[in-house]
1. Would you mind stating whether residue C:75 is within 7 Å of another protein chain (Cβ to nearest Cβ) and part of a helix (DSSP H, G or I)?
2. If residue A:70 satisfies every condition in (1) assigned to a helix (DSSP H, G or I); (2) at pLDDT below 85; (3) out of contact with any helix residue (DSSP H, G or I) (no Cβ under 6 Å at 6 or more places or on another chain) but one, which is the exception?
3. Given C:202, C:234, which one is assigned to a helix (DSSP H, G or I) and out of contact with any helix residue (DSSP H, G or I) (no Cβ under 7 Å at 6 or more places or on another chain)?
4. Inspect segment C:194-209 for any residue being buried (at least 21 other Cβ atoms within 10 Å of the Cβ), more than 7 Å from every other protein chain (Cβ to nearest Cβ) and touching a residue at least 60 places away in the same chain (Cβ under 8 Å) and give the result as yes or no.
5. Of everything in segment D:47-63, what is within 7 Å of chain A (Cβ to nearest Cβ) and buried (at least 22 other Cβ atoms within 10 Å of the Cβ)? Give them in sequence order.
6. Evaluate the following for residue C:268: is it in the same structural domain as residue C:176 (by TED's automatic domain parsing), touching a helix residue (DSSP H, G or I) at 6+ places or on another chain (Cβ under 8 Å), surrounded by fewer than 19 Cβ atoms within 10 Å (Cβ to Cβ) and assigned to a helix (DSSP H, G or I)?
7. Filter segment C:210-237 down to residues that are within 12 Å of chain D (Cβ to nearest Cβ) and farther than 20 Å from residue C:160 by Cβ and give me whichever is nearest to the chain's Cα centre (by Cα).
(Lines give C-alpha, C1' and ligand atoms only; values in the text may rest on other atoms or scores of the structure.)
Protein backbone atom coordinates (compact mmCIF):
# COMPACT_ATOMS: atom_id res chain seq x y z
CA UNK A 1 0.00 0.00 0.00
CA UNK A 2 2.81 2.41 0.91
CA UNK A 3 4.34 2.16 -2.55
CA UNK A 4 0.90 2.80 -4.05
CA UNK A 5 0.39 5.92 -1.93
CA UNK A 6 3.85 7.24 -2.83
CA UNK A 7 3.31 6.48 -6.50
CA UNK A 8 0.02 8.33 -6.46
CA UNK A 9 1.67 11.26 -4.66
CA UNK A 10 4.33 11.35 -7.39
CA UNK A 11 1.61 11.31 -10.02
CA UNK A 12 -0.09 14.29 -8.39
CA UNK A 13 3.25 16.09 -8.14
CA UNK A 14 3.76 15.49 -11.84
CA UNK A 15 0.30 16.98 -12.42
CA UNK A 16 1.32 20.03 -10.44
CA UNK A 17 4.51 20.40 -12.47
CA UNK A 18 2.48 20.19 -15.69
CA UNK A 19 0.13 22.89 -14.40
CA UNK A 20 3.05 25.30 -14.28
CA UNK A 21 2.76 25.65 -18.02
CA UNK A 22 -0.35 27.73 -17.36
CA UNK A 23 1.61 30.11 -15.11
CA UNK A 24 4.15 30.50 -17.90
CA UNK A 25 1.60 31.06 -20.65
CA UNK A 26 -1.07 33.07 -18.90
CA UNK A 27 -2.37 34.89 -20.85
CA UNK A 28 -4.16 36.89 -18.16
CA UNK A 29 -3.01 37.28 -14.59
CA UNK A 30 -6.15 35.47 -13.42
CA UNK A 31 -5.06 32.36 -15.34
CA UNK A 32 -1.75 32.33 -13.51
CA UNK A 33 -3.49 32.70 -10.16
CA UNK A 34 -5.83 29.81 -11.03
CA UNK A 35 -2.86 27.54 -11.54
CA UNK A 36 -1.54 28.51 -8.11
CA UNK A 37 -4.93 27.67 -6.62
CA UNK A 38 -4.89 24.22 -8.22
CA UNK A 39 -1.40 23.70 -6.78
CA UNK A 40 -2.76 24.41 -3.31
CA UNK A 41 -5.43 21.74 -3.64
CA UNK A 42 -2.99 19.26 -5.16
CA UNK A 43 -0.58 19.89 -2.29
CA UNK A 44 -3.38 19.13 0.19
CA UNK A 45 -4.03 15.80 -1.53
CA UNK A 46 -0.30 14.97 -1.67
CA UNK A 47 0.05 15.76 2.03
CA UNK A 48 -2.86 13.47 2.92
CA UNK A 49 -1.26 10.67 0.90
CA UNK A 50 2.14 11.26 2.50
CA UNK A 51 0.59 11.27 5.97
CA UNK A 52 -0.66 7.76 5.26
CA UNK A 53 2.49 6.58 3.43
CA UNK A 54 4.95 7.89 6.01
CA UNK A 55 2.79 6.93 8.97
CA UNK A 56 2.80 10.48 10.30
CA UNK A 57 -0.74 11.53 11.20
CA UNK A 58 0.63 14.96 12.23
CA UNK A 59 0.98 15.75 8.53
CA UNK A 60 -2.80 16.06 8.35
CA UNK A 61 -2.41 19.22 10.42
CA UNK A 62 -0.15 20.60 7.70
CA UNK A 63 -2.82 19.94 5.09
CA UNK A 64 -5.40 21.46 7.45
CA UNK A 65 -3.35 24.67 7.53
CA UNK A 66 -3.07 24.59 3.74
CA UNK A 67 -6.83 24.16 3.44
CA UNK A 68 -7.48 27.01 5.87
CA UNK A 69 -5.16 29.40 4.09
CA UNK A 70 -5.94 28.28 0.54
CA UNK A 71 -7.97 31.40 -0.14
CA UNK A 72 -5.65 34.05 1.31
CA UNK A 73 -3.48 34.51 -1.79
CA UNK A 74 -6.47 34.46 -4.15
CA UNK A 75 -8.22 37.10 -2.03
CA UNK A 76 -5.02 39.17 -1.92
CA UNK A 77 -4.81 38.93 -5.70
CA UNK A 78 -8.42 39.85 -6.36
CA UNK A 79 -8.51 42.68 -3.82
CA UNK A 80 -5.07 44.21 -4.38
CA UNK A 81 -2.89 43.10 -7.23
CA UNK A 82 -5.42 42.60 -10.03
CA UNK A 83 -5.41 45.73 -12.14
CA UNK A 84 -7.86 46.70 -14.88
CA UNK A 85 -7.28 44.88 -18.14
CA UNK A 86 -6.10 48.02 -19.93
CA UNK A 87 -2.93 48.38 -17.89
CA UNK A 88 0.03 46.20 -18.68
CA UNK A 89 2.80 45.29 -16.32
CA UNK A 90 6.02 46.91 -17.31
CA UNK A 91 8.10 43.98 -18.44
CA UNK A 92 10.99 44.91 -16.28
CA UNK A 93 14.24 43.04 -16.17
CA UNK B 1 24.16 9.28 -1.85
CA UNK B 2 20.96 9.19 0.15
CA UNK B 3 17.81 11.28 0.29
CA UNK B 4 19.30 13.68 2.86
CA UNK B 5 22.23 14.46 0.55
CA UNK B 6 19.87 14.95 -2.40
CA UNK B 7 18.00 17.64 -0.47
CA UNK B 8 21.20 19.16 0.90
CA UNK B 9 22.61 19.56 -2.62
CA UNK B 10 19.30 21.03 -3.77
CA UNK B 11 19.55 23.54 -0.94
CA UNK B 12 23.06 24.46 -2.05
CA UNK B 13 21.78 24.82 -5.62
CA UNK B 14 18.93 27.10 -4.54
CA UNK B 15 21.40 29.21 -2.58
CA UNK B 16 23.70 29.59 -5.59
CA UNK B 17 20.79 30.43 -7.92
CA UNK B 18 19.54 33.03 -5.47
CA UNK B 19 23.01 34.50 -5.10
CA UNK B 20 23.35 34.91 -8.84
CA UNK B 21 19.96 36.59 -9.13
CA UNK B 22 20.73 38.86 -6.19
CA UNK B 23 23.84 40.02 -8.00
CA UNK B 24 22.48 40.58 -11.52
CA UNK B 25 18.91 41.76 -10.94
CA UNK B 26 18.54 45.48 -10.37
CA UNK B 27 14.87 45.62 -9.41
CA UNK B 28 14.64 45.72 -5.61
CA UNK B 29 11.60 43.43 -5.46
CA UNK B 30 13.59 40.84 -7.40
CA UNK B 31 16.49 41.22 -5.01
CA UNK B 32 14.13 40.63 -2.08
CA UNK B 33 12.71 37.52 -3.74
CA UNK B 34 16.24 36.29 -4.51
CA UNK B 35 17.14 36.75 -0.88
CA UNK B 36 14.14 34.64 0.12
CA UNK B 37 15.19 31.86 -2.27
CA UNK B 38 18.70 31.94 -0.78
CA UNK B 39 17.15 31.67 2.66
CA UNK B 40 15.06 28.67 1.60
CA UNK B 41 18.23 27.05 0.26
CA UNK B 42 20.06 27.55 3.55
CA UNK B 43 17.07 26.19 5.49
CA UNK B 44 16.93 23.15 3.22
CA UNK B 45 20.62 22.41 3.85
CA UNK B 46 20.03 22.61 7.61
CA UNK B 47 16.94 20.41 7.42
CA UNK B 48 18.69 17.86 5.23
CA UNK B 49 21.62 17.63 7.62
CA UNK B 50 19.17 17.10 10.48
CA UNK B 51 17.70 14.21 8.47
CA UNK B 52 20.96 12.25 8.75
CA UNK B 53 20.12 11.08 12.26
CA UNK B 54 19.50 7.30 12.35
CA UNK B 55 16.24 5.52 13.22
CA UNK B 56 13.90 7.80 11.28
CA UNK B 57 14.03 10.50 13.96
CA UNK B 58 15.35 13.82 12.78
CA UNK B 59 17.51 16.11 14.89
CA UNK B 60 15.12 18.68 16.45
CA UNK B 61 17.72 21.41 16.99
CA UNK B 62 18.12 22.43 13.33
CA UNK B 63 14.34 22.20 12.94
CA UNK B 64 13.89 24.74 15.72
CA UNK B 65 16.51 26.98 14.11
CA UNK B 66 14.76 26.75 10.75
CA UNK B 67 11.38 27.65 12.26
CA UNK B 68 12.97 30.68 13.90
CA UNK B 69 14.63 31.48 10.59
CA UNK B 70 11.40 31.27 8.59
CA UNK B 71 9.63 33.75 10.86
CA UNK B 72 12.61 36.11 10.92
CA UNK B 73 12.83 35.87 7.12
CA UNK B 74 9.20 36.83 6.62
CA UNK B 75 9.43 39.80 8.98
CA UNK B 76 12.68 40.96 7.38
CA UNK B 77 11.03 40.57 3.97
CA UNK B 78 8.09 42.69 5.05
CA UNK B 79 10.46 45.37 6.31
CA UNK B 80 12.51 45.22 3.10
CA UNK B 81 9.32 45.69 1.06
CA UNK B 82 8.48 48.82 3.06
CA UNK B 83 12.04 50.06 2.48
CA UNK B 84 11.72 49.37 -1.23
CA UNK B 85 8.50 51.38 -1.47
CA UNK B 86 10.21 54.23 0.37
CA UNK B 87 13.09 54.15 -2.13
CA UNK B 88 10.56 54.27 -4.93
CA UNK B 89 8.71 57.22 -3.44
CA UNK B 90 12.02 59.10 -2.95
CA UNK B 91 13.65 58.40 -6.32
CA UNK B 92 10.68 57.42 -8.47
CA UNK B 93 12.33 54.11 -9.31
CA UNK B 94 12.21 50.69 -7.67
CA UNK B 95 15.94 50.16 -7.94
CA UNK B 96 19.03 51.73 -6.46
CA UNK B 97 20.62 54.63 -8.36
CA UNK B 98 23.55 53.79 -10.63
CA UNK B 99 25.80 56.43 -9.13
CA UNK B 100 25.43 57.75 -5.62
CA UNK B 101 24.12 61.28 -5.96
CA UNK B 102 25.11 63.76 -3.30
CA UNK C 1 7.75 -4.92 -1.45
CA UNK C 2 10.34 -2.88 0.41
CA UNK C 3 12.15 -2.27 -2.86
CA UNK C 4 8.98 -0.91 -4.42
CA UNK C 5 8.52 1.50 -1.52
CA UNK C 6 12.10 2.66 -1.85
CA UNK C 7 11.80 3.18 -5.59
CA UNK C 8 8.55 5.13 -5.17
CA UNK C 9 10.13 7.29 -2.46
CA UNK C 10 13.13 8.00 -4.69
CA UNK C 11 10.90 8.89 -7.62
CA UNK C 12 8.93 11.30 -5.45
CA UNK C 13 12.04 12.92 -3.99
CA UNK C 14 13.73 13.32 -7.36
CA UNK C 15 10.62 14.85 -8.89
CA UNK C 16 10.22 17.20 -5.93
CA UNK C 17 13.81 18.37 -6.09
CA UNK C 18 13.69 18.99 -9.84
CA UNK C 19 10.44 20.91 -9.47
CA UNK C 20 11.96 23.06 -6.73
CA UNK C 21 15.03 23.94 -8.79
CA UNK C 22 13.03 24.66 -11.93
CA UNK C 23 10.59 26.82 -9.95
CA UNK C 24 13.45 28.74 -8.35
CA UNK C 25 14.88 29.41 -11.82
CA UNK C 26 11.53 30.73 -13.06
CA UNK C 27 11.08 32.82 -9.91
CA UNK C 28 14.48 34.43 -10.24
CA UNK C 29 14.94 34.83 -13.96
CA UNK C 30 11.46 35.13 -15.51
CA UNK C 31 10.88 38.42 -17.31
CA UNK C 32 7.56 39.32 -15.67
CA UNK C 33 7.33 40.31 -11.99
CA UNK C 34 3.78 39.09 -11.46
CA UNK C 35 4.70 35.71 -12.93
CA UNK C 36 7.71 35.53 -10.62
CA UNK C 37 5.50 36.12 -7.60
CA UNK C 38 3.02 33.41 -8.60
CA UNK C 39 5.94 31.02 -9.15
CA UNK C 40 7.25 32.02 -5.74
CA UNK C 41 3.91 31.10 -4.13
CA UNK C 42 4.13 27.69 -5.84
CA UNK C 43 7.74 27.43 -4.65
CA UNK C 44 6.56 27.87 -1.06
CA UNK C 45 4.02 25.06 -1.50
CA UNK C 46 6.64 22.67 -2.84
CA UNK C 47 9.07 23.67 -0.06
CA UNK C 48 6.45 22.59 2.49
CA UNK C 49 6.31 19.18 0.76
CA UNK C 50 10.11 18.98 0.97
CA UNK C 51 9.93 19.57 4.73
CA UNK C 52 7.43 16.75 5.01
CA UNK C 53 9.82 14.41 3.20
CA UNK C 54 12.63 15.47 5.54
CA UNK C 55 10.44 14.41 8.48
CA UNK C 56 10.20 17.93 9.80
CA UNK C 57 6.43 18.36 10.28
CA UNK C 58 6.95 21.35 12.59
CA UNK C 59 8.84 23.18 9.87
CA UNK C 60 6.32 22.07 7.25
CA UNK C 61 3.56 23.66 9.34
CA UNK C 62 5.46 26.93 9.63
CA UNK C 63 6.24 26.92 5.90
CA UNK C 64 2.61 26.12 5.08
CA UNK C 65 1.25 28.92 7.25
CA UNK C 66 3.77 31.49 6.03
CA UNK C 67 4.44 30.32 2.50
CA UNK C 68 0.84 29.58 1.56
CA UNK C 69 -0.73 32.54 3.28
CA UNK C 70 1.44 35.45 4.24
CA UNK C 71 4.33 35.68 1.81
CA UNK C 72 2.10 35.59 -1.24
CA UNK C 73 -0.19 38.26 0.19
CA UNK C 74 2.81 40.42 1.16
CA UNK C 75 4.37 40.30 -2.29
CA UNK C 76 1.08 40.81 -4.14
CA UNK C 77 0.29 43.84 -1.98
CA UNK C 78 3.79 45.23 -2.52
CA UNK C 79 3.42 44.77 -6.27
CA UNK C 80 0.19 46.75 -6.33
CA UNK C 81 1.78 49.48 -4.20
CA UNK C 82 4.72 49.59 -6.60
CA UNK C 83 2.35 50.01 -9.53
CA UNK C 84 0.56 52.82 -7.72
CA UNK C 85 3.88 54.51 -7.02
CA UNK C 86 4.87 54.12 -10.66
CA UNK C 87 1.69 55.88 -11.77
CA UNK C 88 2.44 58.80 -9.44
CA UNK C 89 6.04 59.01 -10.63
CA UNK C 90 4.96 58.93 -14.28
CA UNK C 91 2.41 61.63 -13.67
CA UNK C 92 5.09 63.87 -12.18
CA UNK C 93 7.68 63.33 -14.88
CA UNK C 94 5.85 62.33 -18.01
CA UNK C 95 8.70 62.08 -20.54
CA UNK C 96 12.13 61.98 -19.00
CA UNK C 97 11.73 58.87 -16.90
CA UNK C 98 10.01 56.20 -18.92
CA UNK C 99 12.86 53.78 -18.23
CA UNK C 100 11.30 50.83 -16.43
CA UNK C 101 14.57 49.11 -15.67
CA UNK C 102 15.17 47.33 -18.96
CA UNK C 103 18.68 48.65 -19.26
CA UNK C 104 19.64 47.83 -15.70
CA UNK C 105 20.71 44.24 -16.17
CA UNK C 106 24.50 44.11 -16.30
CA UNK C 107 25.98 43.21 -19.65
CA UNK C 108 27.19 39.85 -20.69
CA UNK C 109 30.74 39.83 -19.36
CA UNK C 110 29.65 40.84 -15.87
CA UNK C 111 26.94 38.18 -15.93
CA UNK C 112 29.52 35.56 -16.90
CA UNK C 113 31.66 36.53 -13.93
CA UNK C 114 28.68 36.17 -11.60
CA UNK C 115 27.71 32.81 -13.14
CA UNK C 116 31.25 31.57 -12.56
CA UNK C 117 31.21 32.86 -8.98
CA UNK C 118 27.87 31.24 -8.18
CA UNK C 119 28.98 27.96 -9.76
CA UNK C 120 32.18 28.06 -7.74
CA UNK C 121 30.15 28.74 -4.63
CA UNK C 122 27.87 25.80 -5.37
CA UNK C 123 30.86 23.54 -6.02
CA UNK C 124 32.49 24.44 -2.72
CA UNK C 125 29.26 24.00 -0.80
CA UNK C 126 28.53 20.67 -2.51
CA UNK C 127 32.05 19.39 -1.81
CA UNK C 128 31.70 20.38 1.85
CA UNK C 129 28.30 18.70 2.12
CA UNK C 130 29.47 15.50 0.42
CA UNK C 131 32.43 15.26 2.76
CA UNK C 132 30.12 15.03 5.76
CA UNK C 133 29.32 11.59 7.19
CA UNK C 134 26.14 10.10 5.77
CA UNK C 135 24.79 9.43 9.24
CA UNK C 136 25.12 11.78 12.16
CA UNK C 137 22.83 11.91 15.17
CA UNK C 138 23.57 15.58 15.82
CA UNK C 139 22.02 16.60 19.10
CA UNK C 140 19.15 14.12 18.85
CA UNK C 141 20.39 12.05 21.79
CA UNK C 142 21.02 14.98 24.10
CA UNK C 143 17.57 16.40 23.38
CA UNK C 144 15.92 13.02 23.94
CA UNK C 145 17.76 12.54 27.23
CA UNK C 146 16.77 15.93 28.60
CA UNK C 147 13.26 16.06 27.18
CA UNK C 148 11.70 15.03 30.47
CA UNK C 149 13.17 18.09 32.18
CA UNK C 150 11.83 20.56 29.63
CA UNK C 151 8.16 20.60 30.60
CA UNK C 152 6.91 19.65 27.12
CA UNK C 153 7.07 16.45 25.10
CA UNK C 154 7.53 17.83 21.56
CA UNK C 155 11.32 18.01 21.13
CA UNK C 156 11.18 20.96 18.74
CA UNK C 157 9.13 23.02 21.21
CA UNK C 158 11.53 21.99 23.97
CA UNK C 159 14.48 23.27 21.93
CA UNK C 160 12.69 26.48 20.94
CA UNK C 161 11.41 27.53 24.34
CA UNK C 162 13.66 25.83 26.82
CA UNK C 163 17.02 24.51 25.64
CA UNK C 164 17.69 27.36 23.26
CA UNK C 165 15.35 29.94 24.70
CA UNK C 166 17.80 32.72 23.88
CA UNK C 167 17.28 32.17 20.16
CA UNK C 168 13.57 32.55 20.50
CA UNK C 169 13.88 35.56 22.79
CA UNK C 170 16.13 37.30 20.29
CA UNK C 171 13.78 36.34 17.49
CA UNK C 172 10.91 38.06 19.26
CA UNK C 173 13.26 41.04 19.49
CA UNK C 174 13.86 40.92 15.73
CA UNK C 175 10.12 40.86 15.03
CA UNK C 176 9.58 43.80 17.34
CA UNK C 177 12.41 45.76 15.71
CA UNK C 178 11.09 45.00 12.24
CA UNK C 179 7.71 46.51 13.02
CA UNK C 180 9.24 49.51 14.81
CA UNK C 181 11.53 50.14 11.83
CA UNK C 182 8.75 49.73 9.28
CA UNK C 183 6.46 52.05 11.21
CA UNK C 184 9.14 54.71 11.58
CA UNK C 185 9.90 54.69 7.86
CA UNK C 186 6.53 55.62 6.50
CA UNK C 187 2.84 55.89 7.25
CA UNK C 188 0.75 53.05 5.89
CA UNK C 189 -0.23 53.76 2.29
CA UNK C 190 -3.87 54.65 1.89
CA UNK C 191 -5.44 52.03 -0.28
CA UNK C 192 -8.87 52.15 -1.82
CA UNK C 193 -10.99 49.77 0.21
CA UNK C 194 -14.12 48.74 -1.58
CA UNK C 195 -16.73 46.99 0.52
CA UNK C 196 -16.53 43.22 0.09
CA UNK C 197 -19.24 41.51 -1.90
CA UNK C 198 -21.67 39.27 -0.07
CA UNK C 199 -19.75 36.10 -0.95
CA UNK C 200 -16.41 37.37 0.30
CA UNK C 201 -17.98 38.90 3.39
CA UNK C 202 -19.69 35.68 4.43
CA UNK C 203 -16.61 33.64 3.57
CA UNK C 204 -14.51 35.78 5.88
CA UNK C 205 -17.20 35.62 8.54
CA UNK C 206 -17.14 31.80 8.44
CA UNK C 207 -13.41 31.38 8.06
CA UNK C 208 -11.96 33.84 10.57
CA UNK C 209 -13.34 32.12 13.68
CA UNK C 210 -12.05 28.84 12.30
CA UNK C 211 -8.62 30.37 11.83
CA UNK C 212 -8.67 31.55 15.44
CA UNK C 213 -9.66 28.06 16.52
CA UNK C 214 -6.91 26.53 14.41
CA UNK C 215 -4.35 28.91 15.92
CA UNK C 216 -5.45 27.84 19.39
CA UNK C 217 -5.29 24.19 18.37
CA UNK C 218 -1.76 24.51 16.96
CA UNK C 219 -0.61 26.32 20.09
CA UNK C 220 -2.06 23.60 22.29
CA UNK C 221 -0.79 20.77 20.11
CA UNK C 222 2.72 22.26 20.13
CA UNK C 223 3.51 20.91 23.58
CA UNK C 224 3.22 17.27 22.50
CA UNK C 225 2.95 17.19 18.71
CA UNK C 226 4.02 19.33 15.73
CA UNK C 227 2.82 22.89 16.21
CA UNK C 228 3.63 25.75 18.53
CA UNK C 229 3.73 29.49 18.92
CA UNK C 230 5.22 30.33 15.51
CA UNK C 231 2.79 28.26 13.52
CA UNK C 232 -0.14 29.48 15.60
CA UNK C 233 1.03 33.08 15.30
CA UNK C 234 1.33 32.78 11.53
CA UNK C 235 -2.20 31.42 11.23
CA UNK C 236 -3.40 34.29 13.41
CA UNK C 237 -1.60 36.74 11.15
CA UNK C 238 -3.21 35.17 8.10
CA UNK C 239 -6.61 35.70 9.72
CA UNK C 240 -5.82 39.35 10.32
CA UNK C 241 -4.53 39.78 6.76
CA UNK C 242 -7.72 38.21 5.42
CA UNK C 243 -9.78 40.69 7.47
CA UNK C 244 -7.68 43.62 6.25
CA UNK C 245 -7.99 42.47 2.63
CA UNK C 246 -11.73 42.09 2.84
CA UNK C 247 -12.02 45.70 3.94
CA UNK C 248 -12.23 45.48 7.69
CA UNK C 249 -10.63 48.58 9.08
CA UNK C 250 -8.37 47.44 11.88
CA UNK C 251 -7.25 50.94 12.85
CA UNK C 252 -10.77 52.20 13.29
CA UNK C 253 -11.82 49.21 15.35
CA UNK C 254 -8.73 48.93 17.41
CA UNK C 255 -7.36 52.02 19.15
CA UNK C 256 -3.63 52.54 19.16
CA UNK C 257 -2.39 51.65 22.60
CA UNK C 258 -3.77 48.07 22.87
CA UNK C 259 -2.20 47.34 19.48
CA UNK C 260 1.17 48.53 20.74
CA UNK C 261 0.84 46.56 23.97
CA UNK C 262 0.18 43.35 22.06
CA UNK C 263 3.12 44.06 19.74
CA UNK C 264 5.47 44.14 22.72
CA UNK C 265 3.70 41.46 24.73
CA UNK C 266 5.70 38.44 23.57
CA UNK C 267 9.07 40.03 24.15
CA UNK C 268 7.91 41.58 27.43
CA UNK C 269 6.50 38.40 28.94
CA UNK C 270 9.56 36.42 27.84
CA UNK C 271 11.97 38.83 29.52
CA UNK C 272 9.76 39.32 32.58
CA UNK C 273 9.59 35.58 33.24
CA UNK C 274 13.34 35.30 32.76
CA UNK C 275 13.95 38.09 35.29
CA UNK C 276 11.52 36.63 37.81
CA UNK C 277 13.38 33.33 37.54
CA UNK C 278 16.62 35.18 38.34
CA UNK C 279 14.99 36.82 41.36
CA UNK C 280 13.96 33.50 42.85
CA UNK C 281 17.41 32.05 42.43
CA UNK C 282 17.54 30.41 39.02
CA UNK C 283 19.41 31.49 35.93
CA UNK C 284 17.91 33.73 33.25
CA UNK C 285 15.47 31.67 31.14
CA UNK C 286 15.94 28.60 33.34
CA UNK C 287 12.61 27.08 34.26
CA UNK C 288 12.16 24.91 37.39
CA UNK C 289 10.81 21.50 36.43
CA UNK C 290 7.61 21.77 38.46
CA UNK C 291 6.10 24.54 36.43
CA UNK C 292 8.23 24.56 33.30
CA UNK C 293 5.24 23.39 31.25
CA UNK C 294 2.99 26.19 32.51
CA UNK C 295 5.65 28.87 32.04
CA UNK C 296 6.34 27.69 28.50
CA UNK C 297 2.63 27.76 27.70
CA UNK C 298 2.34 31.29 29.12
CA UNK C 299 5.28 32.50 27.03
CA UNK C 300 3.87 30.77 23.98
CA UNK C 301 0.45 32.39 24.36
CA UNK C 302 2.04 35.83 24.59
CA UNK C 303 4.38 35.04 21.70
CA UNK C 304 1.52 33.77 19.52
CA UNK C 305 -0.45 36.99 20.00
CA UNK C 306 2.61 39.12 19.33
CA UNK C 307 3.68 37.20 16.25
CA UNK C 308 0.19 37.32 14.80
CA UNK C 309 -0.25 41.04 15.37
CA UNK C 310 3.33 41.88 14.32
CA UNK C 311 3.07 40.10 10.99
CA UNK C 312 -0.32 41.68 10.32
CA UNK C 313 1.07 45.10 11.29
CA UNK C 314 3.96 44.57 8.86
CA UNK C 315 1.44 43.76 6.14
CA UNK C 316 -0.01 47.27 6.58
CA UNK C 317 3.25 48.58 5.10
CA UNK C 318 3.76 51.39 7.61
CA UNK C 319 2.31 52.84 10.77
CA UNK C 320 -1.46 52.97 10.80
CA UNK C 321 -2.82 56.45 10.29
CA UNK C 322 -5.51 58.02 12.34
CA UNK C 323 -8.76 58.37 10.55
CA UNK C 324 -9.03 62.12 10.05
CA UNK C 325 -12.54 62.17 8.71
CA UNK C 326 -14.07 62.19 12.16
CA UNK D 1 -5.93 -7.95 -0.08
CA UNK D 2 -8.76 -6.78 2.11
CA UNK D 3 -11.95 -5.32 0.74
CA UNK D 4 -11.36 -1.97 2.46
CA UNK D 5 -8.00 -1.69 0.74
CA UNK D 6 -9.56 -2.36 -2.62
CA UNK D 7 -12.19 0.30 -2.04
CA UNK D 8 -9.42 2.73 -1.04
CA UNK D 9 -7.45 1.97 -4.19
CA UNK D 10 -10.49 2.48 -6.41
CA UNK D 11 -11.40 5.77 -4.72
CA UNK D 12 -7.84 7.09 -4.84
CA UNK D 13 -7.45 6.21 -8.52
CA UNK D 14 -10.74 7.92 -9.29
CA UNK D 15 -9.58 10.98 -7.34
CA UNK D 16 -6.29 11.05 -9.23
CA UNK D 17 -8.24 10.85 -12.50
CA UNK D 18 -10.15 13.99 -11.49
CA UNK D 19 -6.91 15.78 -10.68
CA UNK D 20 -5.58 14.79 -14.09
CA UNK D 21 -8.77 16.04 -15.72
CA UNK D 22 -8.51 19.31 -13.78
CA UNK D 23 -4.94 19.84 -14.91
CA UNK D 24 -5.75 18.94 -18.51
CA UNK D 25 -8.65 21.37 -18.42
CA UNK D 26 -6.43 24.08 -16.97
CA UNK D 27 -3.98 23.53 -19.80
CA UNK D 28 -6.35 22.96 -22.71
CA UNK D 29 -9.49 25.03 -22.11
CA UNK D 30 -9.74 28.28 -24.05
CA UNK D 31 -10.52 30.98 -21.48
CA UNK D 32 -10.43 31.83 -17.80
CA UNK D 33 -14.05 30.83 -17.14
CA UNK D 34 -13.81 27.36 -18.63
CA UNK D 35 -10.48 26.80 -16.87
CA UNK D 36 -12.15 27.78 -13.62
CA UNK D 37 -14.76 25.14 -14.33
CA UNK D 38 -12.11 22.45 -14.87
CA UNK D 39 -10.14 23.45 -11.84
CA UNK D 40 -13.01 23.32 -9.39
CA UNK D 41 -13.64 19.71 -10.40
CA UNK D 42 -10.19 18.78 -9.12
CA UNK D 43 -10.81 20.78 -5.94
CA UNK D 44 -14.22 19.38 -5.19
CA UNK D 45 -14.45 15.86 -6.53
CA UNK D 46 -10.77 14.96 -6.83
CA UNK D 47 -9.83 15.91 -3.30
CA UNK D 48 -13.14 14.53 -2.01
CA UNK D 49 -12.42 11.11 -3.49
CA UNK D 50 -8.82 11.09 -2.23
CA UNK D 51 -9.96 12.11 1.26
CA UNK D 52 -12.74 9.50 1.23
CA UNK D 53 -10.34 6.78 0.11
CA UNK D 54 -7.87 7.61 2.86
CA UNK D 55 -10.60 8.06 5.49
CA UNK D 56 -11.47 4.37 5.08
CA UNK D 57 -7.95 3.53 6.25
CA UNK D 58 -8.02 6.06 9.11
CA UNK D 59 -7.27 4.60 12.48
CA UNK D 60 -9.51 6.89 14.52
CA UNK D 61 -12.78 8.73 14.07
CA UNK D 62 -10.95 11.98 14.80
CA UNK D 63 -8.61 11.42 11.85
CA UNK D 64 -11.60 10.71 9.64
CA UNK D 65 -13.33 13.86 10.83
CA UNK D 66 -10.19 15.91 10.23
CA UNK D 67 -10.06 14.74 6.63
CA UNK D 68 -13.72 15.62 6.14
CA UNK D 69 -13.01 19.06 7.61
CA UNK D 70 -10.05 19.57 5.29
CA UNK D 71 -12.23 18.71 2.30
CA UNK D 72 -15.00 21.07 3.41
CA UNK D 73 -12.52 23.89 3.95
CA UNK D 74 -11.05 23.42 0.48
CA UNK D 75 -14.58 23.38 -0.95
CA UNK D 76 -15.35 26.66 0.77
CA UNK D 77 -12.09 28.27 -0.34
CA UNK D 78 -12.32 27.08 -3.93
CA UNK D 79 -15.96 28.12 -4.29
CA UNK D 80 -15.18 31.60 -2.95
CA UNK D 81 -12.03 31.90 -5.01
CA UNK D 82 -13.82 30.79 -8.17
CA UNK D 83 -16.58 33.32 -7.58
CA UNK D 84 -14.14 36.17 -6.94
CA UNK D 85 -12.03 35.39 -9.99
CA UNK D 86 -14.99 34.93 -12.31
CA UNK D 87 -16.67 38.13 -11.14
CA UNK D 88 -13.41 40.05 -11.33
CA UNK D 89 -12.79 38.78 -14.85
CA UNK D 90 -16.27 39.79 -16.01
CA UNK D 91 -15.87 43.26 -14.48
CA UNK D 92 -12.55 43.70 -16.20
CA UNK D 93 -14.21 42.91 -19.48
CA UNK D 94 -12.53 39.60 -20.25
CA UNK D 95 -14.98 38.13 -22.76
CA UNK D 96 -16.24 34.58 -22.22
CA UNK D 97 -15.16 32.25 -25.01
CA UNK D 98 -17.80 31.29 -27.57
CA UNK D 99 -17.62 28.52 -30.15
CA UNK D 100 -17.68 29.92 -33.60
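The values are calculated or read from the model by the stated rules, or taken from the named source; none is laboratory data. Just so we're clear, the structure is a prediction, and the values are computed from it rather than from any experiment. Note: ideal-geometry Cβ built from the backbone for every residue, glycine included; neighbour counts use all protein chains shown.
1. Considered against the rule, which asks whether it is within 7 Å of another protein chain (Cβ to nearest Cβ) and part of a helix (DSSP H, G or I), residue C:75 comes out as no.
2. Failed condition: (3).
3. C:202
4. no
5. Once the filter is applied, which keeps residues that are within 7 Å of chain A (Cβ to nearest Cβ) and buried (at least 22 other Cβ atoms within 10 Å of the Cβ), segment D:47-63 yields D:47, D:50, D:51, D:54.
6. Taking the combined requirement at face value, the residue satisfies it.
7. C:211
Here is a yes/no grid of residues against (1) in a helix (DSSP H, G or I); (2) more than 26 Å from the chain's Cα centre (by Cα):
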{"position": "C:111", "(1), (2)": "yes, yes"}
{"position": "C:117", "(1), (2)": "yes, yes"}
{"position": "C:128", "(1), (2)": "yes, yes"}
{"position": "C:135", "(1), (2)": "no, yes"}
{"position": "C:145", "(1), (2)": "yes, yes"}
{"position": "C:152", "(1), (2)": "no, no"}
{"position": "C:178", "(1), (2)": "yes, no"}
